[in-house]
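What follows is a short report on a single structure.
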Amino acid sequence: MAAMAWEKLRAAASRSGDLPLDALREILLRLSAKELCRLRAVSPTWRSLTYDRAFIAAHMARHWKPLLAFARRGEDHTHSVDLVDLSGELVRRMPRSEDGIGVLGTRLELVCVASKYRHMALWVLNPATGAALALPWCHSEYMGNGPDERFSLGYGYVERYAFGRVSTTGEYKALRITRGFLGDPNDKICEVITVDADGSNHGVWREMQRPPSLICTGDAVSRDSSISDEMKCVVVGGVVHFMIDFKTIYFNSMEISVEPGSIASFNLETEEWMPTLRGPAPVRSFLRDNIRKYSYFDLDVQLSLSELHGSLVTVHNIHYSSMDLWFLSDFEKGLWVKKYSLPSQVAGLLVYPLLVLDDERVLLMHGTDGVVCLGMKTGVYTYDLKTGAYTHELDLEMGSFDWGKSIGIYTGSLLSP
């Protein structure tokens with residue numbers, strides 16, 4: 001149908017008169033965003049119509065489907081950030097000159113990209129325009145008195161970036177967690193920078209209050225982080241949530257001073273840390289009661305965070321047994337509801353839920369930290385909640401390090417001006 005509509009439009013373009021506007025609009029709405037971007041050059045009328053916000057909204061309502069954003073390293077050593085649909089079709093490729101890049105696991109109209117080899121480097125990409133905004137490669141000034149001397153002599157390695165949108169203003173903010181190289185693991189610095197709603201301009205890095213506890217951010221000593229670490233941070237509704245690192249806290253103090261499964265949250269709008277959120281009660285009980293059956297490492301790897309249906313979700317993956325998805329229903333009261341429990345065939349090592357699709361399939365990423373898990377391929381899978389079918393959907397030609405194995409969800413329209 002789309003191909004026939006396109007041929008009609010090309011034929012119409014070769015004639016002197018235009019189609020009636022309502023008819024033209026209806027035909028254009030049947031085409032994909034990728035095709036419409038090419039057709040904008042046909043005439044000023046078509047260009048104006050496809051840039052109209054009402055048209056874009058109508059097109060998104062009719063055609064929206066999740067697009068996966070990931071960092072790609074080709075066999076020819078080229079690098080790019082790719083957008084693909086669930087069939088594996090390439091929708092947009094944004095070439096990058098940098099090696100060792102990774103996409104942050106966001107669900108936004110912009111894509112945020114970090115670098116392994118230049119830990120201060122952070123870019124914001126607009127897939128609709130192809131524009132790339134490089135954020136400042138510097139730390140915040142210390143109390144307004146110039147560069148902070150704490151960041152000299154190797155101090156100031158960036159452990160974690162997060163990127164989210166403030167709903168009240170439409171602007172974006174990046175959060176950066178920094179600690180000293182080989183320094184005190186509790187000595188972390190939190191900084192924030194503001195990015196315009198269209199990703200075209202930015203402010204300056206500003207230092208915020210320190211995290212209230214030791215949060216899961218990765219291994220600053222090796223300047224690397226596992227995919228397990230990556231999945232312990234998620235942004236939901238303008239709030240950045242971090243799993244608190246109970247494992248490291250225990251090994252440093254030899255006592256459990258923080259409940260396993262607890263979460264530290266930073267509000268991007270108020271730029272303040274919120275009260276510590278307790279994890280789901282059954283998860284806390286399981287972790288406490290099985291401390292002798294599992295190592296602290298095993299218990300730590302079982303937990304991750306996700307955003308599903310716009311809610312914060314604690315994922316408790318008892319490997320090769322079950323994967324329980326606990327949805328936060330009330331932050332103030334710390335109430336959680338277990339909406340889904342996925343079976344053993346899904347609950348593999350390094351398997352993480354990304355989305356719940358409209359047809360009641362759960363989209364999952366099967367990652368790797370350099371190990372093969374029961375012969376499962378890395379890539380993207382779906383689990384059908386109605387039929388129980390677990391299907392390997394596509395492989396992703398991803399980057400060669402752990403940050404590069406993160407997947408973002410592009411929620412915007414490629415037609416956006």
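The values are calculated or read from the model by the stated rules, or taken from the named source; none is laboratory data. What you see is a predicted model, and the numbers here were worked out from it, not measured in a lab. Every residue, glycine among them, receives a Cβ derived from its backbone with ideal geometry; neighbour counts consider all protein chains shown. Ligands, DNA and RNA are stripped out before the accessible areas are found, and what is left, the full protein with its side chains, is counted by its heavy atoms. Shrake-Rupley method; radii C 1.70, N 1.55, O 1.52, S 1.80 Å.
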Put Thr194, Thr382, Thr270 in order of accessible area, largest first, 1.4 Å probe: what do you get?
-> Thr270, Thr194, Thr382
Go through Met243, Met120, Met274 and list them by solvent-accessible area, largest first, probe radius 1.4 Å.
-> Met274, Met120, Met243
Carbon/sulfur fraction of accessible area - the stretch 232-363, other protein chains in place, 1.4 Å, % | 48
Could you tell me what percent of the accessible area of the stretch 58-145 is made up of carbon and sulfur, with a 1.4 Å probe and every protein chain present?
-> 51
Once the other residues with Cβ under 13 Å from the Cβ of Ala174 are scored (Lys, Arg +1; Asp, Glu -1), what is the net sum?
-> +1
Coil-residue GluC sites (Glu not before Pro) of the stretch 268-298, DSSP, other Cβ within 10 Å capped at 16 = Glu269, Glu271
Which value, in Å², gives the accessible area per residue of the stretch 13-135 when a 1.4 Å probe is used on the protein heavy atoms?
-> 47
Charge context of Arg210, other residues only, Cβ under 11 angstrom, K/R +1, D/E -1 | -1
Work out, step by step, the length gained on full extension between Asp85 and Glu98: first 0.36 nm times the residue separation, then minus their alpha carbon distance; give nm to one decimal.
-> 2.3 nm
Distance between Cα centroids, the stretch 85-100 to the stretch 294-315: provide it in whole Å.
-> 28
